[in-house]
Amino acid sequence: MAYQVLARKWRPQDFSEVIGQEAVVTALRNAVAEQRIAHAYLFSGIRGVGKTSVARILAKGLNCERGPAAEPCNDCDTCREITAGSSFDVIEVDAATYSKVEQVRELTESLKYGPAHARFKVVILDEIHRLSRQAFDALLKIVEEPPDHLVFIFATTESSAVPATILSRCQEFRFRRVALDQLAQHLEMVAKREEISVGRSALRIIAQAGDGSVRDAIALLDQLATFGSGSIDDGDAVRLLGGLDQRVFRDVLTAIGAGDRKTIADITMRIEEQGWDPRFVFGEFLSYCRMALHLCLGADLERLETTREEADALGAVAKAIGYEQLLRTLNLLLQSEMAVRRSESAALALEIAWLRAAELPKLVAIEALLAGNSPLSAQPPVPELQPKPPASHAPKRPKVINKTTPAAAPGRPPLEAAPSQSDSDPAPSIGSGGDSDDPSEACARFIAAVGRNRQALAAHLSGANSLTYSAGVLRISVPPGDNWLRERLDRAANRQALEEALAATWNPDASWKIVEDEVPEPEPKNAAVRAPQETHMNPRVQAVLEIFGGSVEAVEPRNET
Ligand SMILES: [Zn+2]
């Protein structure tokens, strides 16, 4: 017997074999059983979810010699003819190759006569949205006043492209994308019956690549089995289908939860080496985090786009991180979405987004510390808060007086005592020596101006510890050893973008320099209050401000006794 491709071989022959379209199947079964037959149906949905298969099953159900039957017998001559595509009364037409108006006229002409043998004449018109305007008009006449024996079943992947005049005369059934778990289970069954040896992980990757389409997924299973001479290994599945294993996302999320920067850097490098599109990866990761959030809220596992195994593993990670922090992580990641999408250096933007998220656990530790939940002694010293101990006298630490301003905009703290910034302000920290009318707004305008030409550069400027414009010089403060900006600004195009933005924001003579965050100088002996701007340079202080949405009013030396 000649080899038959699996997708064709496993095409459903009756309603019970249709995967993932329970609502449609139930409605159609009932319609046939109760003989409430519409004259026109529209089946819409992505490719490979069973639209034309269900159309044929419906045609069989209507015409089965032992029917009309909610489930065709698949045994009588009529059923067999329809399955074989040789029935005179079930006409299957692909609109893509049949779009001319003359062809449609010829078809509608022939439909005026009753069925040759069967109960109904059934016309299955696939990809109906591809008919020309005139062809639709020719079709409309008979759809408007169909003879009793005639049933139209239109199928389309784009129901929005079907004219309203046709749509309004159809009973529409939307075919769903088949859920990942269901698809993986179905593939498992097919593989077993076809004696293909394949692991669960590979099955999931294939199901994922099928993207909700049963036909595509089975075709992929077929290809991989041919490639591996009847067996499929996980490595081949990953390599050939390029499926990004959800385990990678789980590793990233675990690393974010643990503040593990190294793992994040390793994974982003690997993703880049493997040639993944960072925008795609970021989008998928957001969905994955959302799933984690749902798991924290006790979501129904059946409804998640993952296998039960993965849901269990992710559930454990999500629980360890905790709902509140997951929510913060997602919120932070969402803020980076546009930067990742638009950036010329999307891989870098992705890495920054993940690394920023990985800083959250530390911020939460500070939050707990300030709330008094955690004994001071249990916390490692926070180096940035400690000035170098002067040689001669006892160390003094600046103390931050934090005041939560109820009026503060959520999400983004007003870092200046002066006017609050807008929520969408991309700059995390903006300070100024104060020789401009509204320094924070000016810095935000500056970053926006850079972003118009150089998205990645703007993203990284937003990630700088602070921007301070004073006496004609913009100081860009970066963490010690962070050479990224410096290296990028060695490139003429970036430098030019920066200088143009400087000129546009302040004046053409304005200059810039990169400064590394320094450990603060020791307090002068009697300095009771230090200018708040200096404190803004400190990333830990900024972190605290970001959590509480407060502002720094004054900085006082701490009295150790
Ligand atoms: Zn039959």
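The values are calculated or read from the model by the stated rules, or taken from the named source; none is laboratory data. Computed from a prediction, not measured in an experiment: that's the story for all the values here. Positions of Cβ are backbone-derived with ideal geometry, glycine not excepted, and every protein chain shown enters the neighbour counts.
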Original post:
Any chance the range 47-54 includes a residue that's under 22 Å from ASP77 (Cβ atoms), of a type outside the set (Gly, Ala, Ser), touching a helix residue (DSSP H, G or I) at 6+ places or on another chain (Cβ under 8 Å) and modelled with pLDDT under 95?
Top reply: no
Subject >> Condition check for PHE88: of a type in the set (Phe, Trp, Tyr), over 22 Å from PRO163 (Cα atoms) and in contact with a helix residue (DSSP H, G or I) (Cβ under 7 Å, 6 or more places away or on another chain) >> reply: no
Subject >> Long-range neighbours under 7 Å by Cβ, at least six apart or interchain, first residue surrounded by 10 or more Cβ atoms within 10 Å (Cβ to Cβ) within the range 503-529, second of a type in the set (A, V, I, L, M) and modelled with pLDDT under 75 >> reply: ASP517/MET537; VAL529/ALA554; VAL529/VAL555
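Hydrophobic (A, V, I, L, M, F, W, C) and either crowded, with 20+ Cβ neighbours inside 10 Å or touching a Ser or Thr at 6+ places or on another chain (Cβ under 9 Å) (or both): is that true of VAL93 in this structure?
No: the conditions fail for VAL93.
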Original post:
Can you tell me how many residues in the range 48-90 are farther than 29 Å from ALA217 by Cα and either surrounded by fewer than 23 Cβ atoms within 10 Å (Cβ to Cβ) or without any contact (Cβ under 8 Å) to a residue 60 or more places away in the chain (or both)?
Top reply: 13
Original post:
When both residues are 6+ apart or on different chains and their Cβ atoms are under 9 Å apart, which pairs have a first residue that lies in the range 177-204 and is at positive phi, and a second that is part of a loop (DSSP other than H, G, I, E, B)?
Top reply: GLU195/GLY230
**OP:** Filter the range 77-128 down to residues that are assigned to a helix (DSSP H, G or I) and hydroxyl-bearing (Ser, Thr, Tyr) and give me whichever is nearest to the ligand (Cβ to nearest atom).
**Re:** THR78
**OP:** Name, by its number, the condition in (1) closer than 21 Å to HIS149 by Cβ; (2) more than 41 Å from the chain's Cα centre (by Cα) that does not hold for LYS60.
**Re:** (2)
**OP:** Could you tell me whether LEU167 is closer than 30 Å to LEU304 by Cβ and of a type outside the set (Lys, Arg)?
**Re:** no
Original post:
Does the range 16-29 contain at least one residue that is within 16 Å of the ligand (Cβ to nearest atom), crowded, with 17+ Cβ neighbours inside 10 Å, assigned to a loop (DSSP other than H, G, I, E, B) and in contact (Cβ under 8 Å) with a residue 12 or more places away in the chain?
Top reply: no
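To keep it simple, each residue is scored yes or no on (1) in contact (Cβ under 8 Å) with a residue 24 or more places away in the chain; (2) of a type in the set (Phe, Trp, Tyr).
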residue: PHE249; (1), (2): yes, yes
residue: THR263; (1), (2): no, no
residue: ASP277; (1), (2): yes, no
residue: VAL281; (1), (2): yes, no
residue: GLU284; (1), (2): yes, no
residue: ASP300; (1), (2): no, no
residue: GLU309; (1), (2): yes, no
Subject >> Per-region count, the range 30-47, residues in a strand (DSSP E or B) and polar (S, T, N, Q) >> reply: 1
**OP:** Within the range 428-456, track down each residue that is among the aliphatic types (A, V, I, L, M) and modelled with pLDDT of 75 or more.
**Re:** ALA442, ALA444, ILE447, ALA448, ALA449, VAL450
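Under 17 Å from ARG356 (Cα atoms), touching a helix residue (DSSP H, G or I) at 6+ places or on another chain (Cβ under 8 Å) and crowded, with 21+ Cβ neighbours inside 10 Å, is that true of ALA292?
In short, no.
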Original post:
Does the range 489-504 contain at least one residue that is modelled with pLDDT under 80 and of a type outside the set (A, V, I, L, M)?
Top reply: yes
Original post:
Does any residue of the range 211-234 turn out to be over 26 Å from LYS51 (Cα atoms), among the β-branched types (Val, Ile, Thr) and within 18 Å of the chain's Cα centre (by Cα)?
Top reply: no
Original post:
Restricting attention to the range 62-76, does a residue exist that is more than 10 Å from the ligand (Cβ to nearest atom), at pLDDT below 90 and not in a loop (DSSP other than H, G, I, E, B)?
Top reply: no
